[in-house]
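S.K.: After the structure tokens below, expect a handful of questions from me.
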């Protein structure tokens, strides 16, 4: 999907992660977040890495795994009303390149954060739980699953 | 230009940094790295895609399947293959198959079809704009007459805004799915007309039918839903609920109990969509329809839809209500967005029709009087049952006792219609797509009434040859 070009996608959410430059934009935004955090005085390097990791994962959790439906009116009478963006991606096909990319990126960020926090146990706990919150919902086994009916409607 | 020394320093630094890493951490990272590698080599697949049928299931399915012909066989005397051809304008008299008849067959209630003023305006518009618009409203299909007609309709109905569609059938069929989506609930009267049924189908919502005009049955359904909602308030919060009713029912010619519906609306927090194709320009002191008839505040109805193909004698349809509601259709009403807009000529004709309706509100009283007159006159025909409100502008005549099958009933009614045609009276058979209707109404003949106005003088024709079956009708019309 290219921005500004007519498309015939019923639900543009399914393709938005495949549009040109979106991966780069995502990476740049993460770097910008990190640089902004680094520029704040009194923030130590380990703290900044943990913050980058946690904020990144929170935002990812919110946009990919919490918000349901589409921001626009789709002509399919609201087929995706109860699906998160992650579930809508590529019409629900598993292990597509965008899905792989978005799964690997938080892992890489986590490894970097672990390295720069010098494996401190507190940071480890925070970073790991935050990582799991975005990794588990991405598993095919959790596709469409709402534990205890949380966020079902 | 790194020297071997630099590399060893790098390796050393990395090792010393990793060295303090606890074992659990190293294991976790190892697992994560393995996961990445596995991910990179995983093949894409679709979830829930394959359901493997067993051999027996396959056999059963093949056994069950009955091949159908691509085009179903139709007998030579099939109704849809034998048209009655109309020549000349279908006003009070209609020329069917070369024979002049009294017109009891079209929905031109106010006689605006052959109104000189309407014709003049339409012709002037034709000369100015040409015939079509060749574009949907969003793509240079919006002409000044469309905007004028919309504001005039809104003013006439005393609502904030109106939106016009280029096809009457598509109006309610587009309006319903514009608001009601998957997961929403629509409560609808069993007798709802075909265009409503198509709208319901397109909405993909849950449809709950209540018995025709039975408010107790509707309340039972609403109560059931209320209990369901209390069990699952989160779901209830994102579920929209609608009641869809017709003002005057096309299939039964009776009126909906609007005041009770409004009460239920506020009690159970549902929205009301009212389809007024038969009642707009007919009921009420000024022809505003069922709301005026009952004295119900029009703001209590969330959406009113009507077509302009009956009383207004143009083409197309409109929806009216609050701007907040109506505006939504400008991007979501499929019939509005994706059809070429209404020909300006027809919009101009509709505006002139509204002018006439506003200038001379007496026509509604006359129509009502005539309707009641016809209703009275048609009663007591042996073997036939009259269905509908006395003040309804169209009514149904049904057989008192079925002759055994729908086909033979239709044949009998058809022969009555044919005999009436012989006697220069044009009636029509109510036609349904038998397989597509949810509840097939009983076979009947639809009989619309006319005001007899619009041609300057009330109609006084010569008395046609009387046919025993419809003698009353005929004597009535010659009064």
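S.K.: When you go through B:174, B:195 one by one, which is the residue that is closer than 27 Å to residue B:436 by Cα, in a helix (DSSP H, G or I) and within 14 Å of another protein chain (Cβ to nearest Cβ)?
M.R.: Of B:174, B:195, the one residue that is closer than 27 Å to residue B:436 by Cα, in a helix (DSSP H, G or I) and within 14 Å of another protein chain (Cβ to nearest Cβ) is B:174.
S.K.: Looking at the range B:311-342, which of the residues that are under 14 Å from the mean Cα position of the chain (by Cα) and assigned to a loop (DSSP other than H, G, I, E, B) is nearest to the other protein chains (Cβ to nearest Cβ)?
M.R.: B:333
S.K.: Okay, moving on. Could you say which residue among B:124, B:162, B:173 is farther than 19 Å from residue B:325 by Cβ and either in the same structural domain as residue B:289 (by TED's automatic domain parsing) or modelled with pLDDT of 95 or more (or both)?
M.R.: Unique residue meeting the criteria: B:124.
S.K.: Might you let me know whether the range A:95-104 holds any residue that is exposed (fewer than 14 other Cβ atoms within 10 Å of the Cβ) and within 11 Å of chain B (Cβ to nearest Cβ)?
M.R.: Scanning the range A:95-104, I find at least one residue that is exposed (fewer than 14 other Cβ atoms within 10 Å of the Cβ) and within 11 Å of chain B (Cβ to nearest Cβ), so the answer is yes.
S.K.: Is the range A:132-139 home to any residue that is exposed (fewer than 15 other Cβ atoms within 10 Å of the Cβ), part of a helix (DSSP H, G or I) and within 11 Å of chain B (Cβ to nearest Cβ)?
M.R.: yes
S.K.: Further question: Which condition does residue B:263 not pass, out of (1) touching a residue at least 24 places away in the same chain (Cβ under 8 Å); (2) more than 16 Å from residue B:354 (Cα to Cα); (3) over 21 Å from the mean Cα position of the chain (by Cα), if it passes all the others?
M.R.: (1)
S.K.: Here's a follow-up. Scan the range A:80-114 residue by residue and report those that are in contact with a helix residue (DSSP H, G or I) (Cβ under 9 Å, 6 or more places away or on another chain) and part of a loop (DSSP other than H, G, I, E, B).
M.R.: A:80, A:83, A:95, A:96
S.K.: Separate question: Which of the residues belonging to the range B:198-228 are surrounded by fewer than 20 Cβ atoms within 10 Å (Cβ to Cβ), touching a helix residue (DSSP H, G or I) at 6+ places or on another chain (Cβ under 9 Å) and in a helix (DSSP H, G or I)?
M.R.: Once the filter is applied, which keeps residues that are surrounded by fewer than 20 Cβ atoms within 10 Å (Cβ to Cβ), touching a helix residue (DSSP H, G or I) at 6+ places or on another chain (Cβ under 9 Å) and in a helix (DSSP H, G or I), the range B:198-228 yields B:198, B:201, B:202, B:215, B:219, B:223, B:225, B:226, B:228.
S.K.: Considering the range A:116-130 alone, what residues qualify as being in contact (Cβ under 8 Å) with a residue 40 or more places away in the chain and more than 8 Å from chain B (Cβ to nearest Cβ)?
M.R.: Selection gives A:116, A:117, A:120, A:123, A:126, A:127, A:130.
S.K.: Can you tell me which residues in the range B:402-421 are over 31 Å from the mean Cα position of the chain (by Cα) and either without any contact (Cβ under 8 Å) to a residue 40 or more places away in the chain or exposed (fewer than 13 other Cβ atoms within 10 Å of the Cβ) (or both)?
M.R.: Answer for the range B:402-421, where residues must be over 31 Å from the mean Cα position of the chain (by Cα) and either without any contact (Cβ under 8 Å) to a residue 40 or more places away in the chain or exposed (fewer than 13 other Cβ atoms within 10 Å of the Cβ) (or both): B:403, B:404.
S.K.: For the range B:232-290, enumerate the residues that are at pLDDT 95 or above and in a helix (DSSP H, G or I).
M.R.: Correct list: B:258, B:259, B:260, B:261, B:262, B:263, B:264, B:265, B:266, B:267, B:268, B:290.
S.K.: Only one of (1) assigned to a helix (DSSP H, G or I); (2) in contact (Cβ under 8 Å) with a residue 24 or more places away in the chain is not met by residue B:134, so which one is it?
M.R.: Exception for residue B:134: condition (1).
S.K.: Since residue B:381 meets every condition but one in (1) in a loop (DSSP other than H, G, I, E, B); (2) in the same structural domain as residue B:429 (by TED's automatic domain parsing); (3) under 20 Å from residue B:256 (Cβ atoms), which condition does it not meet?
M.R.: The number of the failed condition is (3).
S.K.: Spot the failing condition for residue A:65; the list is (1) more than 14 Å from chain B (Cβ to nearest Cβ); (2) closer than 30 Å to residue B:179 by Cβ; (3) touching a helix residue (DSSP H, G or I) at 6+ places or on another chain (Cβ under 9 Å); (4) free of Cβ contacts under 8 Å to residues at least 24 places away in the same chain, and only one is missed.
M.R.: (4)
S.K.: Can I ask one more? Please work out which one of (1) more than 9 Å from chain B (Cβ to nearest Cβ); (2) over 23 Å from residue A:43 (Cβ atoms) is the condition residue A:113 fails and give its number.
M.R.: It fails just one condition, (2).
The values are calculated or read from the model by the stated rules, or taken from the named source; none is laboratory data. Being a predicted model, the structure only gives us computed values, none of them experimental. Backbone-built Cβ (ideal geometry, glycine too); neighbour counts: all protein chains shown.
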